[in-house]
């Protein structure tokens, strides 16, 4: 059994807490939130959906260049956890999410071109490997390599939440779903953060 404690804790998402793996600094263990009785069934269902989808991606032998890698489940003193790759920045620190950078003064003004190129690369990657997300949010995407070599990596909310997986019936339907998620995220970014160009959606999705 793997022993986790508060010295290893570093982040919390909507369904899980994240702890550094005590034997490998490049891995983390995600533990379902406790004391969430009303949400517990939905939380566990969401985790199972994501892990199942990750196993499909592993079977398809995808590149993990823009997606944190899943390494299976493990028993811990806090319950069953899921092991994932930790995305670290060039200085070795755990990478900050895109939302963190967008909130920084002058970030968009100073790095707009690099940001658009990085968004375009992530979108192309997801289309190429047909990677679907339950939601696509800047808090679930981390940025590394700033200021000279931007790279975006998705770290959470992977999978298809459709009861009937209609969007997976054909490649065209899958890509349409991916584009729809991206269009929604980019529209929300434009509404929330000043300085993003009006052409952002076209710059990212149609270039």
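For a distance above 17 Å, tell me the whole-number percent of Cα pairs in the stretch 96-205 that qualify.
On the way: 3149 of 5995 pairs.
So the pairs more than 17 Å apart make up 53 percent of the total in the stretch 96-205.
Going by how many other beta carbons lie within 10 Å of each one, how would you line up 1, 185, fewest first?
On the way: 1 7, 185 22.
Exposure proxy ranking, most exposed first: 1, 185.
Using Cβ counts within 10 Å as a stand-in for footprinting exposure, how do 180, 109, 49 rank, fewest first? Provide the component values of the computation, followed by the final result.
On the way: 180 12, 109 9, 49 15.
Taking fewest neighbouring Cβ atoms as first place, the list is 109, 180, 49.
Give me the angle, in degrees from 0 to 90, between the Cα long axis of helix 107-128 and the longest principal axis of the Cα atoms of the chain, rounded to the nearest 10.
The angle comes out at about 70 degrees.
Note down the relative contact order for the stretch 9-85 as a percent, whole number, built from C-alpha pairs under 8 angstrom at least six residues apart.
Details: 90 pairs, mean separation 21.4, N = 77.
This gives 28 percent for the stretch 9-85.
Per q in 0.16, 0.22 Å⁻¹, report the Debye log10 I(q)/I(0) for the stretch 7-58, using one uniform scatterer on each alpha carbon and no solvent.
Evaluating at q = 0.16, 0.22 Å⁻¹ gives log10 I(q)/I(0) of -0.55, -0.89.
Test of understanding: ordering 144, 52 by Cβ neighbours within 10 Å, fewest first, what list do you get? Could you put the intermediate results ahead of the total?
Numbers: 144 18, 52 11.
Ranked by crowding around the Cβ, least crowded first: 52, 144.
Nearest 10 degrees is fine. How inclined is helix 40-59 to the longest principal axis of the chain, computing both from alpha carbons?
70
What label, among (1) 8, 33, 35, 20, 3, 0; (2) 8, 29, 31, 19, 9, 4, 0; (3) 6, 18, 18, 21, 15, 9, 8, 4, 1, belongs to P(r) over Cα pairs in 10 Å bins from 0, in percent computed from the structure on display?
Computed from these coordinates, P(r) over Cα pairs in 10 Å bins from 0, in percent corresponds to label (1).
How high is the relative contact order of the chain, given as a whole-number percent (alpha carbon pairs under 8 Å, six or more residues apart)? Provide the component values of the computation, followed by the final result.
Working: 287 pairs, mean separation 37.8, N = 207.
With pairs under 8 Å counted, the relative contact order is 18 percent.
Treating the angle as unsigned and between 0 and 90°, give the value, to the nearest 10°, between the Cα long axis of helix 171-192 and the longest Cα principal axis of the chain.
80
Relative contact order, percent, of the stretch 108-198 when contacts are C-alpha pairs under 8 Å separated by at least 6 residues?
On the way: 84 pairs, mean separation 28.2, N = 91.
Over the stretch 108-198, the number comes to 31 percent.
Counting each DSSP H run of 4 or more residues in the chain as -39500 (n - 2.57), what helix-only mean residue ellipticity at 222 nm follows after dividing by all residues, to the nearest 500 deg cm²/dmol?
Values: 5 runs with 75 residues, N = 207.
Roughly -12000 deg cm²/dmol at 222 nm, from the helical runs in the chain.
Readers should treat all values here as calculations from the given coordinates under stated rules, not as data from a laboratory. Here the structure is a predicted model, which is why all the values come from computation and not from measurement. FYI the Cβ positions are ideal-geometry reconstructions off the backbone, even for glycines, and counts take in every protein chain you see.
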